[in-house]
Amino acid sequence: MKTNKLKIVSAIIAVLCCIFLYGVLFGKDTLSNYSRAFILPFFVYLYFLESETKSRYFAGFLIAWSIGELAKIFGSFDYALFSKVSNMAYIFGYINLIIYMLRSMKITVLLEKFKTPMVVLVGFVLYTIFFLNQMILADSAIEVYTFNFLLECTYNVCILLILSISLLNYLYHDSKRGLLLFLASVCIVFSEMVQVAYIFVAADYLLNVVYALLLVTGFYVVYVYIVSKINAYYKILS
């Protein structure tokens, strides 16, 4: 019975991803937006169906991400309200993912064994935050130091922290599951960066396609991470 449910949920996710890509490739915005919004709720169901050991933080990440996606499709009713709800849900979800990864690592070990990578990552994060904010500020309609601007900045900080911490998480555990989580983070974070360029710099068709391909690839890696039984136990450094 569980195997049948897994096949059904997997098939639904695959179909929704294909519809999303079709909508992006052929300019069907409504189709792509609605199909994307319903992908994540099935990931939540998949996680509770398939994972033997469940983390409330990883579950919180998936649930909050789902709420953020679903809030977008209600934007036509009140864009200002639902865009705030969406961004706050994303931030809450990303904070849960950060906690999920940090809980499996010892800060003292990180500082001892990965001091140089941490310094490099801090520099990378600060530079990228500056670069993203410059792209956002290129839009003359953006008002600086408003709640929306601060929310956008917080969002950017969160996605870059996820990228950095997921790399440290992989180096720390040296496991295939750690690698999957890092690859998923790379795809999701770079899809977000491409989307920022698409929204605030140039609404170029190619940027939108790259964004969609990166996001779907990220979805696939998250799927593999959830259903994978390989290397279920981390190799912990001491």
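Return the residues of region 1-26 that are surrounded by 19 or more Cβ atoms within 10 Å (Cβ to Cβ) and without any contact (Cβ under 8 Å) to a residue 24 or more places away in the chain; say none if nothing qualifies. Result: Gly23, single match.
Residues are listed down the side, and each one gets a yes or a no for (1) modelled with pLDDT of 90 or more; (2) more than 29 Å from Ile199 (Cα to Cα); (3) not in a helix (DSSP H, G or I):
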position: Phe92; (1), (2), (3): yes, no, no
position: Ile95; (1), (2), (3): yes, no, no
position: Ser104; (1), (2), (3): no, yes, yes
position: Val109; (1), (2), (3): no, yes, no
position: Pro117; (1), (2), (3): no, yes, no
position: Leu126; (1), (2), (3): no, no, no
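Within region 183-202, none of the residues are out of contact with any helix residue (DSSP H, G or I) (no Cβ under 6 Å at 6 or more places or on another chain), without any contact (Cβ under 8 Å) to a residue 12 or more places away in the chain and farther than 23 Å from Val216 by Cβ.
For every residue, the table says whether it meets (1) at pLDDT below 90; (2) assigned to a helix (DSSP H, G or I); (3) under 20 Å from Ile95 (Cα atoms).
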site	(1), (2), (3)
Ile165	no, yes, yes
Leu171	yes, yes, no
Leu181	no, yes, yes
Ala184	no, yes, yes
Cys187	no, yes, yes
Met193	yes, yes, yes
Ile199	yes, yes, no
Ala202	yes, no, no
Leu207	yes, yes, no
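Being crowded, with 18+ Cβ neighbours inside 10 Å and in contact with an Asp or Glu (Cβ under 6 Å, 6 or more places away or on another chain), is that true of even one residue in region 27-41? Yes; the residues of region 27-41 include at least one that is crowded, with 18+ Cβ neighbours inside 10 Å and in contact with an Asp or Glu (Cβ under 6 Å, 6 or more places away or on another chain). With the requirement that a residue be surrounded by fewer than 17 Cβ atoms within 10 Å (Cβ to Cβ) and at pLDDT 85 or above, what does region 46-56 give you? Matches in region 46-56: Phe48, Leu49, Lys54, Ser55, Arg56. Within region 64-87, can one find any residue that is under 16 Å from the mean Cα position of the chain (by Cα), among the charged types (D, E, K, R) and surrounded by 14 or more Cβ atoms within 10 Å (Cβ to Cβ)? Looking through region 64-87, at least one residue is under 16 Å from the mean Cα position of the chain (by Cα), among the charged types (D, E, K, R) and surrounded by 14 or more Cβ atoms within 10 Å (Cβ to Cβ).
Could you tell me which of the residues Ala212, Ala184, Ala203 is more than 26 Å from Val224 (Cβ to Cβ) and of a type in the set (Gly, Ala, Ser)? It would help to see each step written out before you state the result.
Numbers: Ala212 fails: more than 26 Å from Val224 (Cβ to Cβ); Ala184 fails: more than 26 Å from Val224 (Cβ to Cβ).
Answer to the check: Ala203.
Taking the conditions exactly as written (assigned to a helix (DSSP H, G or I) and at pLDDT below 85), does Glu152 satisfy them or not? Walk me through it before giving the result.
Values: assigned to a helix (DSSP H, G or I): yes; at pLDDT below 85: yes.
For Glu152, the condition - assigned to a helix (DSSP H, G or I) and at pLDDT below 85 - is met.
Within the set Thr154, Thr128, Thr116, Thr146, the sole residue that is free of Cβ contacts under 8 Å to residues at least 12 places away in the same chain, closer than 20 Å to Tyr90 by Cα and either among the polar types (S, T, N, Q) or surrounded by 14 or more Cβ atoms within 10 Å (Cβ to Cβ) (or both) turns out to be Thr146.
The values are calculated or read from the model by the stated rules, or taken from the named source; none is laboratory data. None of these values were measured; they are calculated from a predicted model. Cβ coordinates were reconstructed from backbone atoms using ideal geometry, including for glycine residues, and neighbour counts include every protein chain displayed.
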